[in-house]
1. Only one of V122, V173 is among the β-branched types (V, I, T) and in contact (Cβ under 8 Å) with a residue 40 or more places away in the chain. Can you tell me which?
2. State whether the residues of the range 145-162 include one that is hydroxyl-bearing (S, T, Y) and open to solvent by 60 Å² or more (accessible area, probe 1.4 Å).
3. Name every residue in the range 43-59 that is open to solvent by 50 Å² or more (accessible area, probe 1.4 Å) and within 20 Å of L111 (Cβ to Cβ), in order of residue number.
4. Take the residues in the range 115-134 that are open to solvent by less than 100 Å² (accessible area, probe 1.4 Å) and under 26 Å from the mean Cα position of the chain (by Cα); name whichever of them is modelled with the highest pLDDT.
5. Please determine whether any residue of the range 184-205 is part of a loop (DSSP other than H, G, I, E, B) and open to solvent by less than 70 Å² (accessible area, probe 1.4 Å).
6. Which one is modelled with the highest pLDDT, of the residues in the range 334-363 that are under 14 Å from the mean Cα position of the chain (by Cα) and either surrounded by fewer than 16 Cβ atoms within 10 Å (Cβ to Cβ) or of a type in the set (K, R) (or both)?
7. Just checking, does the range 297-315 include any residue being at pLDDT 90 or above, open to solvent by 30 Å² or more (accessible area, probe 1.4 Å) and assigned to a loop (DSSP other than H, G, I, E, B)?
8. Of (1) β-branched (V, I, T); (2) open to solvent by 20 Å² or more (accessible area, probe 1.4 Å); (3) touching a residue at least 40 places away in the same chain (Cβ under 8 Å); (4) not in a helix (DSSP H, G or I), V210 satisfies all except one. Which?
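The values are calculated or read from the model by the stated rules, or taken from the named source; none is laboratory data. None of the values given here were measured: they were computed from a predicted structure. We place every Cβ from the backbone using ideal geometry, glycine too, and count neighbours over all the protein chains shown. Calculation scope for accessible area: heavy atoms of the full protein, side chains included, ligands and nucleic acids excluded. Shrake-Rupley method; radii C 1.70, N 1.55, O 1.52, S 1.80 Å.
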Amino acid sequence: MTWLENIDADKETSLLLRSIFQHLTDAILVLDQDGFVITANPAAEQLTEWSSQEMAGKIHFCQICRGVATCTAEATCMDCFTKKMMAPSFEMKVLTKSGKEFPVAASSTQLPHRSSTALVVVLRDMSEQQKAERERNLLLMTNYVIQAQEEERKRISRELHDGVGQALYSILVGLNVINQVKMDEQMSNHLATVQQMTARALEEVKSLAVELRPSALDDLGLVPAIRSYMKRFEQIFGIEVELDSKGTRRRYAPVVETTLYRICQEAMTNAAKYADTDKLTVSIHDSGDKIAMCVADQGKGFRLDQVEASGTGLGLYGMQERASLLGGQLTITSELEKGTMILVSIPLDEKGEPIHVDPRTNR
């Protein structure tokens with residue numbers, strides 16, 4: 001006769017309680033006054049890996065318990081929750097038959113049983129919940145790091161443009177003024193060389209400032225910023241880039257525009273380095289509920305599994321990480337000698353904000 005069959009209740013209520021005991025997804029262990037298991041429901045059998053028959057009268061709860069979260073020393077076991085009439089909510093670790101340890105949320109209460117009392121302990125596996133929480137916190141932290149990087153890029157870009165860039169421009173103007181003064185040929189040639197060096201330095205500073213954070217992205221938005229980047233890209237690499245933009249023309253949340261711009265930048269740079277192609281196509285489509293961007297080439301392609309195995313795909317991983325932070329998806333398709341296509345899509349609301357993301361990540 002099981003413990004539940006001894007419950008003093010009418011038949012219908014007894015059947016209901018037995019059904020609850022058998023089908024509840026939380027693990028239930030019933031302990032006698034000495035701490036030995038009297039019985040356990042199927043969820044407890046699955047949790048501990050012991051059958052109810054193996055536990056009944058043979059397994060002491062201390063063999064399963066690996067400490068309550070508040071425990072700081074073995075001495076605290078003297079104040080064990082099993083000695084209390086009721087412990088509404090606490091965390092603890094359990095040890096399974098196979099030796100695996102994992103956290104559970106627990107509660108307990110004492111009930112009359114025959115001439116004594118029984119302790120009912122309810123356990124809920126928290127390992128998956130804690131894993132999900134860790135992953136969520138990791139996503140939040142990663143997003144904060146990316147945002148901090150973008151803010152620092154913006155600051156350095158502004159300093160380069162307004163500080164170093166303006167100083168170099170002033171030097172260049174001063175050199176042009178000096179160049180109006182009559183001087184011998186050697187001095188004139190030397191001055192011309194300094195002017196050329198200063199002009200080159202000014203262009204490099206401007207280019208670096210734009211690479212760090214294009215002002216067009218903040219002032220004009222995603223499509224103009226990508227169009228501006230394409231012009232510089234064509235000049236540097238000699239690769240023709242075609243832009244196809246369809247759908248609603250609007251501004252998006254800064255985090256969305258930055259994410260898509262950085263993915264486009266990374267995809268185009270990778271194509272220039274490895275694809276051996278003379279043409280790229282960038283397509284942007286805003287369908288209202290999401291924005292999709294595709295960067296494609298007809299170059300030599302690659303095998304994604306080989307890139308991942310060699311550990312050289314950090315740029316690809318970075319693109320996927322950026323997309324996933326906004327609840328988006330990034331798909332990489334590549335075939336040898338036929339080219340590569342990188343497609344990213346991010347679900348949006350009517351205001352251009354990402355909808356599948358924690359609000360705290362979109363500041």
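1. Testing whether each residue is among the β-branched types (V, I, T) and in contact (Cβ under 8 Å) with a residue 40 or more places away in the chain leaves just V122.
2. No, the conditions are met nowhere in the range 145-162.
3. If the condition is that a residue be open to solvent by 50 Å² or more (accessible area, probe 1.4 Å) and within 20 Å of L111 (Cβ to Cβ), then G57 is the only one that fits.
4. Filtering the range 115-134 for residues that are open to solvent by less than 100 Å² (accessible area, probe 1.4 Å) and under 26 Å from the mean Cα position of the chain (by Cα), the one modelled with the highest pLDDT comes out as D125.
5. No, that holds for no residue.
6. Looking at the filtered set, the residue picked out is H356.
7. yes
8. With respect to (1) β-branched (V, I, T); (2) open to solvent by 20 Å² or more (accessible area, probe 1.4 Å); (3) touching a residue at least 40 places away in the same chain (Cβ under 8 Å); (4) not in a helix (DSSP H, G or I), V210 is out only on (4).
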